[in-house]
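Sharing a structure with you now.
The values are calculated or read from the model by the stated rules, or taken from the named source; none is laboratory data. As the structure is a prediction and not an experimental result, all values here were calculated from the model. Cβ atoms come from the backbone with ideal geometry, glycine included; neighbour counts cover every protein chain shown. With ligands, DNA and RNA removed, areas are computed over all heavy atoms of the protein, side chains included. Shrake-Rupley method; radii C 1.70, N 1.55, O 1.52, S 1.80 Å.
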Amino acid sequence: MADSEYTVGERRLVLLAACVSGFITPLLSTMMNLSLVSIDGEFSVGSHQLAYVNTAFLLASVVFMVPFSKAADVFGKKRMYLTGLAIILVACVLAVFSPSFWWLIACRVMMGAGAAAISSTSISLITDVFPGSARGGAIGVQTMCVYIGLAAGPPLGGALNDLIGWHALFLLVIPLAVASIICMSFFRHEISPDRGQRMDLAGTVLYGIGIVLSMLGVVNMPNGWAFASLAVGIVFIALFVAWQLRIPNYLLNVRLFRSRVFSGSCVAAFLNYAASYSISYFMALYLQSIGAMTATEAGMLMLVQAGVQAFMTPMFGRLSDRVQDKRILPTAGMVITGCGVSLFMLYGTELDLPLVLATMLIVGFGLGMFSAPNTSVIMGAVRREETSEASGVVAVMRQTGMMVSMGIAMLFISLVMGGSDNLVPENYGLFVDVMHMSFVVCLGMCVVGTLASLLRGKGTTADV
């Protein structure tokens, strides 16, 4: 069905549903950051294990992203979208009653699976129903909601953590998920370009094993078994790619990466998230420990970065529809993000509030300039029947980038702090050293991401 055949009302329904779900996914990710200290107090785990609160969510989302993208094409994008929201609803209800740390982690895995279903279909649905001339603006609005979720997560999570406790945080998601389900239910169409095809079960197994082993290796370094896990995981990913090139009913069209515009944009997206995602994790711990702030105070301060992102993203999304050379905005955004990341080298064991504010303002502006224009280029570089796969790739780049970002943080925590990873005053200097080392690596990824964005070609965004 051509995008011109959808009514304005139908497009608005899809965009509204995607905006609500775009708010839910980052909210699920960031709302826990300011509860990490409270979770540590209840379950007595260190900062390394606390990182699993986020990495379990991200790992599950990466594992299920590609299979759910294909399942959406086979069984229907709307159906897969609604299934993901249902999974999130169940997981949030169970998480409210978490009796142990690992129960909470299991619920986070379920949330990640649900988030994979909605993340892999929402951008694809927008691309399907909006014409190319309005696609960047629509994606910009949806991406703005993602950043509003990032912005709302810390202050809402921090305030509820202080007032009621972290268990109540998951109640925030339930009415939002119900609202998104209602909006998408009123969209009368089902889009399934590969209806009747069979799912590639062998490819699903190869992909799942490869992602789990490689990501577990990344987040558990420098343990000896982690290097082995990463190596075996890479082998399975290579086998998955080879298998996808051999069969007609593939799980993921890896041939998409033959396009320099597509592959360069995906690499840039991966490096952008890998360089920036751990900022929220480090900032939450830094402000509450070294900054001696309450969760509510830290959340309000962290609102600055995501607030700037939420304000700037739709503007740059609309601007990307009018700019001929599609490299300009994402490349400039990556450079600005790198400037913000470099400021972490100046952090010390005493809170410098102007430095914190400058960091969040610059990083927020850079991410706002990068995200929607880069996503619009990726979605405009594929044919209409490939939008679901491209949407899944976008989500995989985002989530694996986030995983790598957390893996870098956990690696330096293990190397520098070792078993003494509790955030007590005598460890504050070591924690700052961890931040410095982590963001040196992140700055390097910004440099490489800038080159990837610049060298991918001008790109076009057209109806396909």
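For segment 327-339, check the following and say yes or no: at least one residue is surrounded by fewer than 22 Cβ atoms within 10 Å (Cβ to Cβ) and among the basic types (Lys, Arg). Can you show your working first?
The initial filter retains those residues of segment 327-339 that are surrounded by fewer than 22 Cβ atoms within 10 Å (Cβ to Cβ), namely 328, 332, 335-336, 339.
Checking which are among the basic types (Lys, Arg) leaves us with none.
No, segment 327-339 contains no residue that is surrounded by fewer than 22 Cβ atoms within 10 Å (Cβ to Cβ) and among the basic types (Lys, Arg).
In segment 392-418, how many residues are within 9 Å of the chain's Cα centre (by Cα), open to solvent by 10 Å² or more (accessible area, probe 1.4 Å) and not hydroxyl-bearing (Ser, Thr, Tyr)?
Final tally of qualifying residues: 4.
Condition first: open to solvent by less than 10 Å² (accessible area, probe 1.4 Å) and touching a helix residue (DSSP H, G or I) at 6+ places or on another chain (Cβ under 6 Å). Now tell me which residues in segment 72-81 satisfy that. Steps first, answer last, please.
Filtering segment 72-81 down to residues open to solvent by less than 10 Å² (accessible area, probe 1.4 Å) leaves 72-74, 76-77, 81.
Ala72, Asp73, Lys77, Tyr81 - these are the residues of segment 72-81 that are open to solvent by less than 10 Å² (accessible area, probe 1.4 Å) and touching a helix residue (DSSP H, G or I) at 6+ places or on another chain (Cβ under 6 Å).
While we're here: If a residue has to be in contact with a Phe, Trp or Tyr (Cβ under 9 Å, 6 or more places away or on another chain), part of a helix (DSSP H, G or I) and open to solvent by 10 Å² or more (accessible area, probe 1.4 Å) to count, how many in segment 129-139 make the cut?
1
Could we say that Phe240 is within 20 Å of Val404 (Cβ to Cβ), touching a Phe, Trp or Tyr at 6+ places or on another chain (Cβ under 6 Å), of a type in the set (A, V, I, L, M, F, W, C) and in a helix (DSSP H, G or I) here? Steps first, please.
Details: within 20 Å of Val404 (Cβ to Cβ): yes; touching a Phe, Trp or Tyr at 6+ places or on another chain (Cβ under 6 Å): yes; of a type in the set (A, V, I, L, M, F, W, C): yes; in a helix (DSSP H, G or I): yes.
Criteria met by Phe240.
Here is a list of conditions, (1) in contact (Cβ under 8 Å) with a residue 24 or more places away in the chain; (2) under 29 Å from Leu287 (Cβ atoms), and Ser120 meets all of them except one; can you say which number that is?
Against the list (1) in contact (Cβ under 8 Å) with a residue 24 or more places away in the chain; (2) under 29 Å from Leu287 (Cβ atoms), Ser120 comes up short only on (2).
Going residue by residue through segment 197-204, is there one that turns out to be among the small types (Gly, Ala, Ser), within 28 Å of Lys78 (Cα to Cα) and exposed (fewer than 15 other Cβ atoms within 10 Å of the Cβ)? Step through it out loud before you land on a result.
The first filter runs over segment 197-204 and keeps only residues among the small types (Gly, Ala, Ser), leaving 202-203.
Cutting the leftovers down to within 28 Å of Lys78 (Cα to Cα) gives us 202-203.
Now drop any that are not exposed (fewer than 15 other Cβ atoms within 10 Å of the Cβ), which leaves 202.
There is at least one residue in segment 197-204 that is among the small types (Gly, Ala, Ser), within 28 Å of Lys78 (Cα to Cα) and exposed (fewer than 15 other Cβ atoms within 10 Å of the Cβ).
Let me ask something additional. Please work out which residue is farthest from Met293 (Cα to Cα), limiting yourself to segment 346-356 and to residues that are in a helix (DSSP H, G or I) and open to solvent by less than 60 Å² (accessible area, probe 1.4 Å).
This residue is Leu355.
Here's the yes/no breakdown for (1) in contact with a helix residue (DSSP H, G or I) (Cβ under 7 Å, 6 or more places away or on another chain); (2) under 18 Å from Ala116 (Cα atoms); (3) part of a helix (DSSP H, G or I):
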residue	(1), (2), (3)
Phe187	yes, no, no
Gly196	no, no, no
Ala202	yes, no, yes
Val205	no, yes, yes
Gly208	yes, yes, yes
Pro222	yes, no, no
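Going through Leu256, Leu230, Leu251, Leu245 one at a time, which residue ends up being at pLDDT 90 or above and either more than 23 Å from Leu59 (Cα to Cα) or aliphatic (A, V, I, L, M) (or both)? Show your work before the answer.
On the way: Leu256 fails: at pLDDT 90 or above; Leu251 fails: at pLDDT 90 or above; Leu245 fails: at pLDDT 90 or above.
None of the others qualify; the one that does is Leu230.
Restricting the first residue to segment 206-230 and requiring it to be open to solvent by less than 20 Å² (accessible area, probe 1.4 Å), which pairs with a second residue that is not in a helix (DSSP H, G or I) meet a Cβ separation below 8 Å and a spacing of at least six or different chains?
Tyr207/Leu251; Tyr207/Leu252; Val219/Ala51; Ala226/Asn220; Ser229/Asn220
Take Ser98 and decide whether it is in contact with a His (Cβ under 8 Å, 6 or more places away or on another chain) and either within 21 Å of Pro175 (Cβ to Cβ) or at pLDDT 85 or above (or both). Working first, answer last.
Working: in contact with a His (Cβ under 8 Å, 6 or more places away or on another chain): yes; either within 21 Å of Pro175 (Cβ to Cβ) or at pLDDT 85 or above (or both): yes.
For Ser98, the condition - in contact with a His (Cβ under 8 Å, 6 or more places away or on another chain) and either within 21 Å of Pro175 (Cβ to Cβ) or at pLDDT 85 or above (or both) - is met.
Of everything in segment 294-348, what is closer than 15 Å to Ala372 by Cβ and aliphatic (A, V, I, L, M)? Give them in sequence order. Walk me through it before giving the result.
Residues of segment 294-348 closer than 15 Å to Ala372 by Cβ: 306, 308-323, 326-334, 336-337.
Listed by number, the residues that qualify are Ala306, Val308, Ala310, Met312, Met315, Leu319, Val323, Ile328, Leu329, Ala332, Met334, Ile336.
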